[in-house]
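Engineer: I'd like to ask you about the structure that follows.
The values are calculated or read from the model by the stated rules, or taken from the named source; none is laboratory data. Quick caveat: nothing in here was measured; it's all calculated off a predicted structure. Using ideal geometry, Cβ is built from the backbone for each residue, glycine included, and neighbour counts are taken over all protein chains shown.
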Amino acid sequence: MSKQITVHYDNQPIYDITIEKDYSNLDTVIKKQVTAEHKVCIVSDSSVAKHYLEDVTEIVKDCVSKVTSFVFPAGEESKNLNVVEDLYEHLIKEKFDRKDILLALGGGVVGDLTGFAAATYLRGIKVIQLPTTLLAMVDSSVGGKTGVDFRGYKNMVGAFYQPEFVYINTDTLNTLPYREVAAGLAEALKYGYIIDKDFLKYFEDNKSSIKALDSQAINDVIYFSCKAKADVVSQDEKEMGLRAILNFG
Ligand code: GLY
């Protein structure tokens, strides 16, 4: 069931996307990137933290010298520079320096905001993405678009900033409202229309198991989607041309 995809830039492997059914392999993946001298700040929102913050903290704390957490209220209203400032303040108080790491545990808002804070704190520290919504798994956690909304303008301030790795635990979808799963499926289906006709056929042939959230079918959907997105962003990291097709729909 475990699957891996590598995102390349300039034909060099840059980071891996790991798809698993739980967090049991997270320590092995983290230990490839960090050592006991690092500190990690887990950034999450109030909805996700109550389900997964404790488990992820337990895993990460065995890999590094210190784990702190920063949790903000769930929702798009939090995707702003005030929350980023609060996160900077937390990192300064916890004495985070350039070798320390942010870990985004949540959906698109958490991933985008954490990625942006990582891109700008001390001119850039490492970031790890642990997406917990289907939309974040199939789209926003991959490709390095980070940012926040500004005075009513969506994603107006941001940076292209790549994570160290993306680790997808498909089991987190079990706590996601079905409406949000459906939004992720719609996004995934888009790759079928614009990039991968075989994936479109897979979608049509397996509609009922996908809709029923059969774990193998969902795993396949995430794999096909991440592979399609990785192919596009590997060719056009900063949306100078081809990547714009991902904005379709
Ligand atoms: N969500 C579109 C992109 O990442 O380019």
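Engineer: What is the residue count in region 213-249 for residues that are touching a strand residue (DSSP E or B) at 6+ places or on another chain (Cβ under 8 Å) and among the hydroxyl-bearing types (Ser, Thr, Tyr)?
Structural biologist: Total meeting the criteria: 2.
Engineer: Against the definition (at positive phi and among the polar types (S, T, N, Q)), how does Asn206 come out, yes or no?
Structural biologist: No.
Engineer: Quick one: which residue in Ile218, Ile195 is closer than 16 Å to Asp139 by Cα, within 16 Å of the ligand (Cβ to nearest atom) and in contact (Cβ under 8 Å) with a residue 24 or more places away in the chain? Outline the logic, then answer.
Structural biologist: Values: Ile218 fails: within 16 Å of the ligand (Cβ to nearest atom).
Selected residue: Ile195, the only one of Ile218, Ile195 that is closer than 16 Å to Asp139 by Cα, within 16 Å of the ligand (Cβ to nearest atom) and in contact (Cβ under 8 Å) with a residue 24 or more places away in the chain.
Engineer: Here's a follow-up. Are any residues in region 78-129 closer than 17 Å to Glu164 by Cα, of a type in the set (Phe, Trp, Tyr) and free of Cβ contacts under 8 Å to residues at least 40 places away in the same chain, and if so, which ones?
Structural biologist: Tyr121
Engineer: Which of the residues belonging to region 237-249 are among the charged types (D, E, K, R) and either loosely packed, with under 12 Cβ neighbours inside 10 Å or more than 9 Å from the ligand (Cβ to nearest atom) (or both)?
Structural biologist: Matches in region 237-249: Glu237, Lys238.
Engineer: Another question, if that's okay. Please go through region 137-169 and pick out each residue that is crowded, with 20+ Cβ neighbours inside 10 Å and more than 26 Å from Arg98 (Cα to Cα).
Structural biologist: Met137, Val138, Asp139, Asn169
Engineer: Can you confirm whether region 149-156 contains a residue that is assigned to a helix (DSSP H, G or I) and out of contact with any strand residue (DSSP E or B) (no Cβ under 9 Å at 6 or more places or on another chain)? Working first, answer last.
Structural biologist: Pass one, region 149-156, residues assigned to a helix (DSSP H, G or I): none.
Scanning region 149-156 turns up no residue that is assigned to a helix (DSSP H, G or I) and out of contact with any strand residue (DSSP E or B) (no Cβ under 9 Å at 6 or more places or on another chain).
Engineer: While we're looking at this one, here's another question. Among the residues of region 104-120, are any surrounded by 15 or more Cβ atoms within 10 Å (Cβ to Cβ) and more than 16 Å from the chain's Cα centre (by Cα)?
Structural biologist: Yes, region 104-120 has at least one match.
Engineer: Kindly check whether there is at least one residue in region 175-191 that is surrounded by fewer than 17 Cβ atoms within 10 Å (Cβ to Cβ) and closer than 12 Å to Ser225 by Cβ.
Structural biologist: Yes, region 175-191 has at least one match.
Engineer: Just checking, which of Ala119, Ala136, Ala104 is more than 14 Å from the ligand (Cβ to nearest atom), within 25 Å of His38 (Cβ to Cβ) and part of a helix (DSSP H, G or I)?
Structural biologist: Within the list Ala119, Ala136, Ala104, the selection yields Ala119.
Engineer: Just to be sure I understand, how many residues within region 146-168 are under 9 Å from the mean Cα position of the chain (by Cα) and either among the hydroxyl-bearing types (Ser, Thr, Tyr) or within 12 Å of the ligand (Cβ to nearest atom) (or both)?
Structural biologist: Qualifying residue count for the region: 1.
Engineer: Which residues, counting only those in region 36-52, are surrounded by 18 or more Cβ atoms within 10 Å (Cβ to Cβ) and farther than 16 Å from Val109 by Cα?
Structural biologist: His38, Lys39, Val40, Cys41, Tyr52 - these are the residues of region 36-52 that are surrounded by 18 or more Cβ atoms within 10 Å (Cβ to Cβ) and farther than 16 Å from Val109 by Cα.
Engineer: So Gly143 clears everything in (1) more than 13 Å from the ligand (Cβ to nearest atom); (2) within 20 Å of Glu76 (Cβ to Cβ); (3) in a loop (DSSP other than H, G, I, E, B) except one condition, right? Which one?
Structural biologist: Here Gly143 meets the rest and fails (1).
Engineer: Please enumerate the residues belonging to region 211-235 that are hydrophobic (A, V, I, L, M, F, W, C) and surrounded by fewer than 16 Cβ atoms within 10 Å (Cβ to Cβ).
Structural biologist: Correct list: Ala212 only.
Engineer: When you go through (1) farther than 16 Å from Ile128 by Cα; (2) at pLDDT below 95 one by one for Glu89, which number turns out not to apply?
Structural biologist: Checking Glu89 against (1) farther than 16 Å from Ile128 by Cα; (2) at pLDDT below 95, the one that fails is (2).
Engineer: Does region 23-35 include one or more residues that are at negative phi and part of a strand (DSSP E or B)? Reasoning before the result, please.
Structural biologist: The initial filter retains those residues of region 23-35 that are at negative phi, namely 23-35.
Narrowing further to those that are part of a strand (DSSP E or B): none.
No: zero hits.
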